[in-house]
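Asks: Structure below; questions to follow.
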Amino acid sequence: MRILVVEDEVQLADALAEILKRNKYNVDTDYEGIGGLDDALTGVYDCIILDIMLPGMNGIEILRNLRKEKINTPVLLLTARSEVEDKINGLDCGADDYLTKPFVTGELLARVRALTRRKGSEMIDENKLEFKGLELNKSTCTVLYESNDVKLSLKEYQIMELLITNPRQILPKERIIEKIWGYESDVEYNNIEVYISFLRKKLSVISAPVQIKTARGIGYSLE
Ligand code: CA
């Protein structure tokens, strides 16, 4: 799981990053709005913790930009007590939750867990994910469309899971490697290309209504 923290109070931002890292999240931090928006627009985060009052660009504007670009990463707004109006505004602009400063660590972690569970395509039950009628089944390691199904290898399954939980978002190849093989791996880009081509064949075998598109030089998206 990867979290972006955008917060200009450096001490608070660093403390948040530290707590999240201790809880096994990968964390990136921005201390101002423009860089925060830039990072958030990559769409590779599982959750964004976003302060409202920021230099450069405020949290509400960042959020508005993200939703305009169809990036639906869950956003947890951080607000000061005096920013009630902003909070309402933020929820109207597509924030998923908010937390008023000061807050306790346990609550922040609980909110992040709730938001990351809710993310992405529709979860039918804990073993099934669905996008456009295509169903990915964890317990059987298969993809199913109408009455056709096909078995996936573990790596194919993991890549498909990543794509289906981030539909219509370009997933950079390095992000896929990081998620599936881990930071330290020496897997090369052409390994992923091979898995993607297997997946495409399997999707076409079951006449799936979705495609894995290539974003040249960047990565892939499920459309
Ligand atoms: Ca602030």
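The values are calculated or read from the model by the stated rules, or taken from the named source; none is laboratory data. What you are looking at is a predicted structure, and each value in this text was computed from that prediction instead of being measured. Don't worry about glycine lacking a Cβ; one is built from the backbone with ideal geometry, like all the others, and counts go over all protein chains shown. Just the protein is used for accessible areas: all its heavy atoms, side chains included, with ligands, DNA and RNA removed. Shrake-Rupley method; radii C 1.70, N 1.55, O 1.52, S 1.80 Å.
Asks: Cα-based Rg (one decimal) and Dmax (whole number) for the stretch 116-223, in Å?
Replies: Gyration radius and largest Cα-Cα distance of the stretch 116-223: 13.1, 40 Å.
Asks: Note the full-extension length gain between Val10 and Glu188 as 0.36 nm times their separation in residues minus their Cα-Cα distance, in nm to one decimal.
Replies: On the way: separation 178, 0.36 × 178 = 64.08 nm, distance 3.60 nm.
Residue separation times 0.36 nm, minus the Cα-Cα distance, leaves 60.5 nm.
Asks: If you look at just the Cα atoms of the chain, how large are its Rg and its Dmax in Å?
Replies: For the chain, the Cα-based Rg and Dmax read 18.5, 57 Å.
Asks: How much of the accessible area of the chain, in percent, comes from carbon and sulfur atoms when a 1.4 Å probe is used?
Replies: Numbers: 5510 of 11410 Å².
Exposed carbon and sulfur together represent 48 percent of the surface.
Asks: Let me ask you something else. Over 32 Å between Cα atoms: which of Lys68/Lys151; Lys101/Lys132; Lys87/Lys128; Lys21/Lys151; Lys179/Lys202; Lys68/Lys132 fall into that group?
Replies: On the way: Lys68/Lys151 36 Å; Lys101/Lys132 39 Å; Lys87/Lys128 34 Å; Lys21/Lys151 35 Å; Lys179/Lys202 22 Å; Lys68/Lys132 21 Å.
Beyond 32 Å between Cα atoms: Lys68/Lys151; Lys101/Lys132; Lys87/Lys128; Lys21/Lys151.
Asks: Another question, if that's okay. Looking at the chain, what % of its DSSP beta bridges pair antiparallel, to the nearest 5?
Replies: Expressed as a percentage, antiparallel bridges in the chain total about 55.
Asks: Follow-up question, since we're still on this one. How do 66-75, 13-22, 47-56 rank on mean C-beta neighbours within 10 Å, highest first? Mind showing how you got there, number by number?
Replies: On the way: 66-75: 18.3, 13-22: 16.1, 47-56: 22.6.
Descending packing order for the listed peptides: 47-56, 66-75, 13-22.
Asks: Related question: Using a 7 Å offset from the Cα along the Cα-to-Cβ direction at both Lys128 and Asn26, what is the distance between the two label points in nm, to one decimal?
Replies: About 3.1 nm separates the two model spin labels.
Asks: Which order, highest average first, do 95-104, 31-40 follow once you tally other Cβ atoms within 10 Å for each residue and take the mean per peptide? Spell out each step's value before the answer.
Replies: On the way: 95-104: 15.1, 31-40: 18.8.
In descending order of packing, they fall as 31-40, 95-104.
Asks: Quick one: work out Rg over Rh on the C-alpha atoms of the stretch 1-113, Rh as Kirkwood radius.
Replies: Details: Rg = 12.4 Å, Rh = 13.6 Å.
Looking at the stretch 1-113, the ratio lands at 0.91.
Asks: Label Leu109 and Ser82 with points 7 Å out from Cα along Cα→Cβ: what is the distance between them in nm?
Replies: 3.2 nm
Asks: Over the chain, give the accessible area per residue in Å² for a 1.4 Å probe, as an integer. Intermediate values should be presented prior to the final figure.
Replies: Numbers: 11410 Å² over 223 residues.
Accessible surface, normalised per residue, equals 51 Å².
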